[in-house]
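Any read-out appearing in this document is the output of simple, stated calculations on the displayed coordinates, not a laboratory observation. Since the model is a prediction, treat every value here as computed from it, not as a measurement. Here the Cβ positions follow ideal geometry from the backbone for every residue, glycine too, while neighbour counts run over all protein chains shown.
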Amino acid sequence: MASTLKSLSTFSNKNLSGVADRKFAIVVAEWNSEVTERLYNGAYSTLLHAGVREENIIRKDVPGSFELSLGAQYMAQWKDIDAVICLGCVIKGETPHFDFICQAVAHGITEVGLKYNKPVVFGVITTLNLEQALDRAGGKHGNKGDEAAATAIKMLNF
Ligand code: RBF
């Protein structure tokens, strides 16, 4: 499957500049924090490497991925926030919660971006188990937090 071979980090890293005066919100889900902290560290360091100033990166935590949409909306409404990066990790359990949460957060995050006309990035890992999640949070499949930050920058440079 193509997605198992490619990650955004293997794509061009061009266009990751021009953001020295931009302000970012990173909204982080506390569920599966072992994973989401790694996503946060990846996103934060990618922004710094791109030249974003520390004081222009605002972190906010929400309880779980389901709350990312509302957290994103709270942040996106502020004029001085240029982009919002949402980070979460949903691991499939034995109940259908996985599908409800994934669908709701994907839909909610899309809506917020369209409503406020600014990049609101879906940095949510959805996996069958913790190992797959860790592989995508700084493991063998890269770090989706890095990629979420790169996506925010690329969309600001659109
Ligand atoms: N939140 C996550 O971010 N990742 C999960 O894997 C996750 N699994 C959940 C499983 C169940 C059965 C429930 C009830 C909640 C789960 N949540 C998870 C929390 C969810 O995103 C949200 O915070 C709560 O449902 C409260 O609205």
Just to verify a number: FRET efficiency for His107 and Ser45, C-beta to C-beta distance, R0 = 41 Å, to 0.05?
0.90
Students often check this: by mean Cβ neighbours within 10 Å, which of 19-25, 141-147, 70-76, 98-104 ranks highest, and how do the rest follow?
141-147, 70-76, 19-25, 98-104
Val121's amide H: which non-local residues (gap 5+, or another chain) put their own amide H closer than 5 Å, with H modeled 1.01 Å from N in plane and none for Pro or chain starts?
Val84, Ile85, Cys86
Could you work out the mean projected area of the convex hull around the alpha carbons of the stretch 99-158, in square nanometres to one decimal?
4.4
Report Rg/Rh for the stretch 64-116, rounded to two decimals, where Rg is the Cα radius of gyration and Rh the Kirkwood radius.
1.04
Hey, can you grab everything whose amide H is under 5 Å from the amide H of Val62? Only 5+ residues off in sequence or another chain; H modelled, so Pro and N-termini drop out.
Val28, Ala29, Glu30
Got a sec to turn the phi values of the stretch 131-138 into Karplus ³J(HN,Hα) couplings, 6.51 cos²θ - 1.76 cosθ + 1.60 with θ = phi - 60°, whole Hz, x for Gly and Pro?
4, 4, 5, 5, 4, 9, 10, x
Only loop residues by DSSP count here, and only those with at most 12 other Cβ atoms within 10 Å; note down the trypsin sites (Lys or Arg not before Pro) in the stretch 38-102 that meet that.
Lys79
Label-point gap, in nm, between His97 and Gln77 - each point 7 angstrom along Cα→Cβ:
2.8
Once label points are set 7 Å from the Cα along Cα→Cβ at both Leu130 and Leu70, what is their separation, rounded to one decimal in nm?
2.8
Mean projection of the alpha-carbon convex hull of the chain over all orientations, in nm²?
8.7
